[in-house]
1. If we scan region 122-132, do we find a residue that is of a type outside the set (S, T, N, Q), in contact (Cβ under 8 Å) with a residue 12 or more places away in the chain and outside any helix (DSSP H, G or I)?
2. When you scan region 60-78, do you find a residue that is out of contact with any strand residue (DSSP E or B) (no Cβ under 9 Å at 6 or more places or on another chain) and part of a loop (DSSP other than H, G, I, E, B), even just one?
3. Suppose we keep only residues that are of a type outside the set (A, V, I, L, M) and in contact with a Lys or Arg (Cβ under 9 Å, 6 or more places away or on another chain) within region 88-110. Which one would you say is most open to solvent (accessible area, probe 1.4 Å)?
4. Which residue is farthest from GLU26 (Cα to Cα), if the candidates are limited to region 115-152 and must be modelled with pLDDT under 90, open to solvent by less than 40 Å² (accessible area, probe 1.4 Å) and of a type in the set (A, V, I, L, M)?
5. Provide a single number: the residues in region 32-87 that are within 22 Å of LEU126 (Cα to Cα), touching a residue at least 40 places away in the same chain (Cβ under 8 Å) and either surrounded by fewer than 16 Cβ atoms within 10 Å (Cβ to Cβ) or polar (S, T, N, Q) (or both).
Amino acid sequence: MPTTQHPTAPARTASRSQRPFTLWREVLAAYVAPALMAGIPAVVTGQQDLAVAAGTSIAGTSAVVAFLVGAWLRHGGRPRPWTATTSRAALTATLVILTAGTAAALGWFTAQWLPAHTPIPTSPWLERLRLDLPISAALATTIVTLRWRSTLTPSAT
């Protein structure tokens, strides 16, 4: 028996199979994925500090970076010419170096400078930021940049 398509159903084409870049979805995924991937093992193994970090410094950093990078790449719906023409690898590497470097500096500032110059005491949670922030920033930047580039039409690149 041949299959028929309902007359009101949208036709499936190659262009419909790819979702457009939607910033709020990217930010939500950037928060939920690392929170689950770090949080579930932390709960299973009883690592309370990792469980807290999973929902705060790890997932929070990923979501903030995904929002900032995604908003910058979208540039009001019209990509900057150089971001659309630069190779995926070069664009991703450049943005990862910038965001991870900035996050590493922020992690150092929070872990080292803040306790030395303010009444905030040094704690293991502050020390975690030295690794949590740059790793989360690098992963979020990579995923969002590659996802954004994959949604560009050939005429925009």
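1. Taking region 122-132 as the starting set, the residues that turn out to be of a type outside the set (S, T, N, Q) are 124-132.
This time we only want the ones that are in contact (Cβ under 8 Å) with a residue 12 or more places away in the chain, so: 124-132.
Still in the list and also outside any helix (DSSP H, G or I): none.
No, region 122-132 contains no residue that is of a type outside the set (S, T, N, Q), in contact (Cβ under 8 Å) with a residue 12 or more places away in the chain and outside any helix (DSSP H, G or I).
2. Applying the first criterion (out of contact with any strand residue (DSSP E or B) (no Cβ under 9 Å at 6 or more places or on another chain)) to region 60-78 yields 60-78.
Applying the additional criterion that residues be part of a loop (DSSP other than H, G, I, E, B) yields 78.
Scanning region 60-78 turns up at least one residue that is out of contact with any strand residue (DSSP E or B) (no Cβ under 9 Å at 6 or more places or on another chain) and part of a loop (DSSP other than H, G, I, E, B).
3. Here is the first cut: in region 88-110, the ones of a type outside the set (A, V, I, L, M) are 88, 92, 94, 99, 101-102, 107-110.
Next, from what is left, pick out any that are in contact with a Lys or Arg (Cβ under 9 Å, 6 or more places away or on another chain): 88, 92, 107-108, 110.
Details: ARG88: 113, THR92: 16, GLY107: 0, TRP108: 130, THR110: 25 Å².
Looking at the filtered set, the residue picked out is TRP108.
4. Residue satisfying both the conditions and the ranking: LEU126.
5. Number of matching residues: 5.
The values are calculated or read from the model by the stated rules, or taken from the named source; none is laboratory data. Keep in mind it's a predicted model, so treat the numbers as computed, not measured. Cβ: placed from backbone, ideal geometry, glycine included. Neighbour counts: every protein chain shown. Each accessible area value is taken on the protein alone, full model and side chains, heavy atoms only, with ligands, DNA and RNA left out. Shrake-Rupley method; radii C 1.70, N 1.55, O 1.52, S 1.80 Å.
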